[in-house]
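This report refers to the structure that appears directly beneath it.
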Amino acid sequence: MGLEARQAALRTLDGVLREKRMLAHLPGDTRLSPADQARAARLASLVLRHLGPLDACIAPYLDRKPPLPALMILRLAAAELLVAGEDAHGVVDSAVTLAKRGKGTARMAGMVNAVLRKLAVEGPDRFAHEAPQRLPGWIAGPVKKRWGAETLRAIEAAHLPLPPIDLTLKPGAAPDLPGATRLPTGSLRLPAGTQVTALPGYDTGAFWVQDAAAALPVRLLGDVAGLRVLDLCAAPGGKTLQLSALGADVTALDLSPSRMARVEQNLARTGLSATRVTGDALDHDAPAYDAILLDAPCTATGTIRRHPDLPHVKPWTEVEPLTRLQMQLIDHALGLLKPGGRLVFCTCSLLPVEGEFQVTAALKRHEGLRVIPADAPALGGDSAWHSPEGGLRLRPDLWPDLGGIDGFYMACLTRP
Ligand SMILES: C[S@@+](CC[C@H](N)C(=O)[O-])C[C@H]1O[C@@H](n2cnc3c(N)ncnc32)[C@H](O)[C@@H]1O
């Protein structure tokens, strides 16, 4: 890997770890070739997935914590040495050159050289004995309380490998995708790193990227053909596409104009249709719908394997306002639902407070509201996914032999 890609990876790490910005919100470096941009992104993500263990391996060689820019160079090189198993000579040389180039790090080039030479020899054994990167307490605490320490460790381990890419196929489409496997729930799974836009069928809209877990809430809603369905919090539109492809008359609503533009692009690429509304779900008023899908904004802690920056950036203080908004959205959505209609509430969160607890609390607030118990095997899933109140709980430690699945919660409610 060239120096420019490594330098770009350092800028990315600075954006995430110091500026606390999500990777998706950082500007790409257009001076780099697409291949170097991809290399830089892979390297930065490797550091973020293993930051704690990498720091633990570096620490014994430091007299005192170096300034952040020098520490970042050490972390980058440590990830290349210990996780990627790159050749030590090239990695140490590049790290020393990066240190010499940096204004604040030039005088630390000797230290970088000395630390990395030792790390190259002793680090692999030390790294092999380190536990996987721990989740921050605000995620680990509730997960451990609900599912136990063993499951917490299994989830942390499941966050380490690059996740595979899942596709939802448009009904009737059968693109020839070498290397794809069909999952029990019907999604197609491709190896991590597959360039989706280059696949046959992408331009003609035969499929869209959607984790296997994210494809289930629409299926939990049951038969939607011919029904008026509201997709509340719809962008970028994965579930809108599913609903439209299944023959629903869909209204897709989202607060964010830029994210709604992506819904529009996705509908155009796939040749599907939906009425689009940009606005606050809490202000939406319309004749009652037959069915509603509420994919509520949440901490997204179920998607850490796809977003290793998330635990480094998201503050725990987001949990309380998000759960309050989820509660308001459930109440508002129920008011927009026909008697006897179905509402699927879902979040891509690992926190019960954004899933199981929301549904239990909604049942207490609304007389006559009930859960239509999920039937996981009928969806190609496992009965172990059933949660006590009738929903489905998915976690990244499930399907270990198939490559895991995002964390998700979903339940189908019906009102009198
Ligand atoms: C989990 S994402 C939705 C993903 C989408 N359902 C899909 O399958 O592609 C949550 C969405 O909620 C939107 N959102 C947040 N607050 C909202 C509000 N008050 N009203 C409407 N949309 C909101 C965000 O802009 C974001 O796009």
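The values are calculated or read from the model by the stated rules, or taken from the named source; none is laboratory data. As the structure is a prediction and not an experimental result, all values here were calculated from the model. Ideal geometry is used to build each Cβ from the backbone, glycine not excepted, and the neighbour counts take in all protein chains shown. Please note that ligands, DNA and RNA were not included when accessible areas were found on the heavy atoms of the full protein model with its side chains. Shrake-Rupley method; radii C 1.70, N 1.55, O 1.52, S 1.80 Å.
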From Ala120, Ala213, residue being more than 21 Å from Arg49 (Cα to Cα), modelled with pLDDT of 95 or more and in contact with a Leu (Cβ under 8 Å, 6 or more places away or on another chain): Ala213
Please specify each residue of segment 154-172 satisfying the condition of being open to solvent by less than 20 Å² (accessible area, probe 1.4 Å), hydrophobic (A, V, I, L, M, F, W, C) and either touching a helix residue (DSSP H, G or I) at 6+ places or on another chain (Cβ under 6 Å) or under 15 Å from Leu402 (Cβ atoms) (or both). Leu167
In segment 143-173, how many residues are in a loop (DSSP other than H, G, I, E, B) and without any contact (Cβ under 8 Å) to a residue 24 or more places away in the chain? 2
Please name all residue pairs, on different chains or six or more residues apart, with Cβ atoms under 9 Å, provided the first residue is in segment 355-384 and is among the hydroxyl-bearing types (Ser, Thr, Tyr) and the second residue is open to solvent by 60 Å² or more (accessible area, probe 1.4 Å). Thr360/Pro388; Ser383/Asp375; Ser383/Pro377
For segment 343-357, enumerate the residues that are over 13 Å from Thr299 (Cβ atoms) and within 13 Å of the ligand (Cβ to nearest atom). Val344, Phe345, Cys346
Among the candidates Leu336, Leu322, which residue alone is modelled with pLDDT of 95 or more and within 11 Å of the ligand (Cβ to nearest atom)? Leu322
Is one or more of the residues making up segment 220-227 away from the ligand (no atom under 14 Å from the Cβ), open to solvent by 30 Å² or more (accessible area, probe 1.4 Å) and within 16 Å of Leu402 (Cβ to Cβ)? no
Condition check for Arg276: within 13 Å of the ligand (Cβ to nearest atom), of a type outside the set (A, V, I, L, M) and exposed (fewer than 13 other Cβ atoms within 10 Å of the Cβ): no
Condition first: in a helix (DSSP H, G or I) and either among the acidic types (Asp, Glu) or touching a His at 6+ places or on another chain (Cβ under 6 Å) (or both). Now tell me which residues in segment 49-78 satisfy that. Asp55
Determine, yes or no, whether His307 is under 19 Å from the mean Cα position of the chain (by Cα) and either outside the structural domain of Leu227 (by TED's automatic domain parsing) or within 15 Å of the ligand (Cβ to nearest atom) (or both). yes
State yes or no: is Arg126 open to solvent by 30 Å² or more (accessible area, probe 1.4 Å), within 30 Å of Leu350 (Cβ to Cβ), at pLDDT 95 or above and in a loop (DSSP other than H, G, I, E, B)? no
Can you find, within segment 173-194, the residue that is surrounded by the most Cβ atoms within 10 Å (Cβ to Cβ) among those that are farther than 20 Å from Trp385 by Cβ and in contact with a helix residue (DSSP H, G or I) (Cβ under 9 Å, 6 or more places away or on another chain)? Leu190
